[in-house]
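Structure first, then comments.
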Amino acid sequence: MKKLLLMVSILVVMVAIPVTIYLVSQRQELRKKAAPATTLAFSPASTAKAVGSEFSMEVHINTGDNQVIATELHIAFDPEKLEAITLTNGALFPNVLTSGLVEAGTASITVGAPSNAQPVHGQGTVAVVRFKALAPTSTPITVSFASTTLVSGLGEGSTNVLTGTTPGKITITGASTDRTGPAATPSASLSLNDEIDASLSAEASASAVLDITTPTASSAAQRDRPTIKGKAAPGSKVTLTIYSTPSTVIVTADANGNWVYTPQTPLEPGPHTIVATAGDGSDTATESFVVATDSGVPVSGSAEPTILVITLALILISFGIVYGKLSY
Amino acid sequence: MENYLIKQVSPRTSSLVSLAALLLFLPFLLFGAYQTVILVSRATGKSANIIVDTKATLEPIPTAFYHTFSQGGEESTDMLAPIAGEVSALRPKIIRIDHIYDHHNVVGRSGDQLTFDFSSLDRSVNTILATGAKPMLVLSFMPPAIAQGGSLINPPNNWDEWALVVQKTIEHYSGRSEKNVSGVYYEVWNEPDLAQFGSWKVGGEKSYLQLYRYASVGARRASNTNTFYLGGPATTGLYKSWITALVTSGNRVDFLSWHSYLEDPRRFEQDQRNLISWLLPFPQFTLIPTLITEAGFTGNKDKRYGTMFAAAHTAAVVRQLISGGPDYLFSFQLKDGPGQEDGNGWGLITHEGNGKRTKPRYSVYNFLDGMAGTRLNLTGEGTWVMGYASVLEGTIKVLLVNFDPYGSHTETVPITLTNLSPGTYTIRQRYFLGQNTSTQEIVTSDRLKKQILMPAQSIVILEVTRAP
């Protein structure tokens with residue numbers, strides 16, 4: 001009995017030692033792995049800009065106790081008020097893992113720390129987004145982080161260590177005081193359009209009446225980014241709203257009363273309507289037009305209907321031949 | 001004749017024959033209709049309208065990543081020695097060679113002991129080093145002295161012998177007491193998923209992970225070495241299962257590699273995005289170097305490799321990878337194999353038996369270097385015409401490539417540079433392997449507009465400099 005007790009005791013000790021060591025090491029591992037504690041915020045937190053102005057907002061990170069390796073950033077904003085021009089990496093994340101992608105209402109980029117040996121720890125700039133103010137706001141609008149935004153940290157496995165985000169707020173005022181181009185040039189002066197046709201400046205406007213000259217209802221089917229031209233009082237602002245899905249922009253007529261606009265985002269195929277409104281709301285003009293395929297080339301026909309028609313025709317011909325021969 | 005047939009053949013028979021003839025020709029008719037629709041569809045697409053914001057600066061343009069090249073083993077000799085001068089002119093960073101064991105008889109056996117003779121392989125590696133490049137040695141294929149059945153594509157009889165082969169290879173080239181080369185890349189196998197190279201699987205009976213594990217064991221045992229890099233899986237394409245299996249295998253993985261033979265340049269960029277999304281859940285591997293160790297528009301021999309098609313495709317792929325791309329893109333391959341006088345070789349240079357001539361693609365890498373600088377924001381790319389822009393010491397540069405897989409699309413491309421300062425500008429237009437022109441223009445507003453004619457498969461760099 002004593003021998004049995006002795007053997008059991010030795011066995012317990014032999015098992016207990018490695019088990020204890022294992023449990024202690026697990027607790028140490030838990031202490032090394034920090035809880036998710038990273039936050040993202042825009043800087044400046046709030047700002048006011050004039051319509052037509054371009055400005056930058058930085059995305060700031062505070063990593064807390066995390067050792068951040070990469071940030072997959074997804075930014076959301078109102079495409080009718082703001083246009084994202086560029087999204088690039090900040091100084092803290094020199095590696096561009098996926099290039100910045102800007103679209104209507106969203107912008108995304110994935111950036112990485114210098115290396116695994118140099119993860120990001122602390123505070124700094126993850127990325128810089130450059131915006132253009134498109135239209136005035138009655139209340140501040142937000143620029144926010146989409147729920148798909150992810151921050152990964154060393155020792156955290158696949159856990160998203162992002163615990164909180166703070167959106168930015170932007171107020172856009174109606175008058176532009178932040179023009180980037182020279183104001184006195186005779187060429188058409190546009191606050192929102194990158195496509196200026198210098199030849200327009202040579203045309204003198206015979207009338208200050210608001211008008212949309214192209215496209216019109218009798219125009220041929222347009223490309224998906226049609227050039228919209230019109231007339232208004234020289235130097236006046238004209239608000240253009242393009243339907244079906246309404247999008248609103250503001251253009252300025254040049255010294256000769258000409259204005260022009262080309263949508264940045266391709267329009268869907270089908271009918272559309274433009275409503276032009278004079279800046280003081282005293283006059284409006286409306287035109288309708290049709291957008292063909294995204295290339296402006298009429299649909300040539302898909303393969304399937306063609307093949308179906310040919311097949312049916314051949315079946316009919318076959319029956320005809322068979323019936324004819326049988327009759328004969 | 002007709003009356004004779006009518007009399008001899010029953011109506012029922014003639015009906016059946018007519019029906020059979022119709023059914024026989026129906027597929028041809030349908031195919032013709034389909035091809036007609038495809039031809040018409042090729043005419044659609046989006047024309048480019050390029051806009052460059054000269055004040056919207058982004059990250060630096062990388063120019064080193066495409067100065068890496070692979071050389072296949074169509075001959076068992078040092079294939080690069082006859083073209084070493086031409087290769088040096090490409091300023092290569094890394095040159096990759098495979099078949100290092102089977103073409104160079106490195107591994108032998110004397111009784112129970114393995115013997116190693118690197119003298120033949122040394123000649124190839126010395127040529128690579130002489131061009132200024134680091135070597136990437138593809139640990140392939142299985143030395144007959146240790147392979148099951150003596151087959152190059154089989155596992156070894158004894159996995160420890162495979163580990164020893166890898167250890168000896170690394171100690172020879174990276175070892176401080178031997179070749180003493182720093183920064184050598186060792187890639188485990190070549191296209192393991194291909195039947196020709198063994199149809200290895202991620203797991204199971206013929207497991208690539210086991211092949212890799214013992215290679216990493218050999219790497220771990222290598223002593224007194226300079227820095228070297230071990231990686232894989234060098235598959236025929238980018239496959240999530242292979243990538244995630246390797247990064248979770250617990251083995252040493254210093255880089256991830258795969259091959260891309262894709263006609264659509266945009267798929268290269270999509271592959272990069274996919275890869276990063278797969279790696280984000282593995283933070284310790286998210287920043288791992290990524291290498292496309294063979295790249296082209298097709299893995300088949302193709303005469304288009306000798307034309308502007310290949311050059312334009314390469315330029316278009318570089319554009320797609322200019323931001324968020326891999327660490328290195330290895331064009332396949334430097335030199336044609338022998339007997340390819342009909343022009344269908346993959347090489348940038350023809351075989352010395354065929355005149356040792358450079359093909360158009362040979363010159364595109366140094367041409368693209370003209371875009372060095374800080375990337376500028378460029379929008380308005382089209383279906384065929386794509387590009388990127390940069391600024392360096394006040395000179396704004398715009399590269400455009402018109403890549404049409406069907407080879408026929410010509411386009412006049414409007415380019416607008418915005419946010420310029422008024423002044424007199426010199427505009428230089430450099431066509432790849434073509435004409436250079438230079439003009440001056442006075443800009444009174446904040447933008448400059450040009451129209452560039454781009455024939456199919458053309459590449460052009462526009463350089464704009466403001467006079468002081």
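What follows is calculated from the coordinates using simple rules that are stated; it is not laboratory data. These figures come from a predicted structure and were not determined experimentally. Please note: Cβ atoms are built from the backbone with ideal geometry, for glycine as well, and neighbour counts cover all protein chains shown.
Find how many whole Å separate the alpha carbon centroid of region B:348-390 from the alpha carbon centroid of region B:130-157. The distance from the Cα centre of region B:130-157 to that of region B:348-390 comes to 33 Å.
From the alpha carbon centroid of region B:437-468 to that of region A:50-78 is 35 Å.
Note on B:274-284: average number of Cβ atoms from other chains within 10 Å of each residue's Cβ is 6.
How large is log10 of I(q)/I(0) for region B:218-344 at q = 0.21 Å⁻¹ when the intensity is taken from the Debye formula with one equal scatterer per alpha-carbon? Values returned for q = 0.21 Å⁻¹ are -1.19. Note on region B:57-111 and region B:179-209: Cα centroid distance 17 Å, given to the nearest whole angstrom.
Could you list B:63, A:86, B:424 in order of exposure, starting from the residue whose Cβ has the fewest other Cβ atoms within 10 Å? Before the final figure, lay out each step's value.
Details: B:63 19, A:86 22, B:424 12.
Going from least to most buried by this count: B:424, B:63, A:86.
Distant-in-sequence amide contacts of residue B:413, defined by a placed amide H-H separation under 5 Å and a gap of 5 or more residues or a different chain, comprise B:452, B:453, B:454.
Can you list the chymotrypsin sites (Phe, Trp or Tyr not before Pro) in region B:118-195 that are in a DSSP coil and have 12 or fewer other beta carbons within 10 angstrom?
Numbers: sites: B:118, B:141, B:159, B:162, B:173, B:185, B:186, B:189; in loops: B:118, B:141, B:189.
Passing both the DSSP loop test and the Cβ count: no residue.
Using the charge dipole of region A:38-173 (Lys, Arg: +1 at Cβ; Asp, Glu: -1 at Cβ; taken about the Cα centre), state which of A:164, A:113, A:50 has its Cα farthest towards the positive end. Checking the options against the dipole of region A:38-173, the answer is A:50. Between residue B:119 and residue A:115, the C-beta separation translates, for a Förster distance of 41 Å, into a calculated FRET efficiency of about 0.60.
Model label points for residue A:216 and residue B:77, set 7 angstrom from Cα along the Cα-to-Cβ axis, are 7.7 nm apart. Between residue B:357 and residue B:252, full extension at 0.36 nm per residue minus the direct alpha carbon distance yields a gain of 33.7 nm.
For region B:68-371, the share of DSSP beta bridges that are antiparallel, to the nearest 5, is 15%.
Value of Rg to Rh for the protein assembly as shown, rounded to two decimals, is 1.06; Kirkwood radius and Rg both from alpha-carbon coordinates.
Taking region A:60-97 and a reference point 7 angstrom along Cα→Cβ of residue B:55, the backbone N atoms nearer than 17 Å belong to A:83-87. Ignoring lysines fewer than eight residues from residue A:132 along the same chain, the ones with Cα atoms less than 26 angstrom from its Cα are A:49, A:81, A:169, A:229, A:231, A:237, B:46, B:55, B:397, B:449, B:450. Within chain B, the longest run free of GluC sites (Glu not before Pro) that sit in a DSSP loop with at most 14 other Cβ atoms within 10 Å is B:76-204. Going by neighbour counts of Cβ atoms within 10 Å, the residues B:25, A:131 line up, fewest first, as B:25, A:131. A Förster distance of 45 Å, applied to the separation of the beta-carbon atoms of residue B:406 and residue B:19, puts the FRET efficiency at 0.75.
Identify, among B:84, A:289, B:45, the residue whose Cα sits farthest towards the positive end of the charge dipole of the protein assembly as shown, taking +1 on the Cβ of Lys and Arg and -1 on the Cβ of Asp and Glu, with the dipole about the Cα centre. Comparing the listed Cα positions along the dipole, B:84 ranks first. Overall size of region A:38-173 from C-alpha positions, given as principal axis extents largest first: 46, 24, 21 Å. Over chain B, DSSP H runs of length four or greater, each weighted -39,500 (n - 2.57), average out per residue to a 222 nm ellipticity of -9000 deg cm²/dmol. The residue list B:385, B:253, A:234 was ranked by how far each Cα lies along the charge dipole of the protein assembly as shown toward its positive end, using unit charges on Cβ atoms, and B:253 comes out on top.
Over the protein assembly as shown, what is the percentage of antiparallel beta bridges among all DSSP beta bridges, to the nearest 5? That works out to approximately 70 percent antiparallel.
Simple spin-label estimate for residue A:227 and residue A:12 gives 9.3 nm between the two label positions (7 Å along the Cα-to-Cβ direction from each Cα).
Straight-line reach from residue B:168: taking Cα to Cα under 20 Å and skipping same-chain neighbours fewer than 8 places apart, the lysines in range are B:134, B:179. With contacts taken as Cα pairs under 8 Å at a separation of at least 6 residues, region B:68-371 carries a relative contact order of 15 percent. Among complete DSSP H helices in chain B, those whose alpha-carbon atoms stretch at least 27 Å along the helix's long axis and whose mean Kyte-Doolittle hydropathy reaches 0.0 are B:11-42.
Taking the number of Cβ atoms within 10 Å of each Cβ as an exposure proxy, the fewest-first ranking of A:121, B:99 is A:121, B:99.
Using the Cα atoms of chain B to build a convex hull, what is its mean projected area in square nanometres?
Numbers: hull surface 131.8 nm².
For chain B, averaging the hull's shadow over all directions gives 32.9 nm².
Annotation for residue B:160 and residue B:112: the two label points, set 7 Å from Cα along the Cα-Cβ direction, are 1.0 nm apart.
Taking the Cα centre as origin and putting +1 on Lys and Arg beta-carbons and -1 on Asp and Glu beta-carbons, what dipole magnitude results for region B:67-183, to the nearest 20 debye? Don't jump to the answer; show the numbers that get you there.
Details: 9 positive and 13 negative charges, 97 e Å.
About 460 debye.
Among the aspartates and glutamates, select those whose C-alpha is under 15 Å from the C-alpha of residue B:93, and discard any that sit fewer than 8 residues away in the same chain. Within the straight-line cut-off, residue B:93 pairs with B:294, B:327, B:369.
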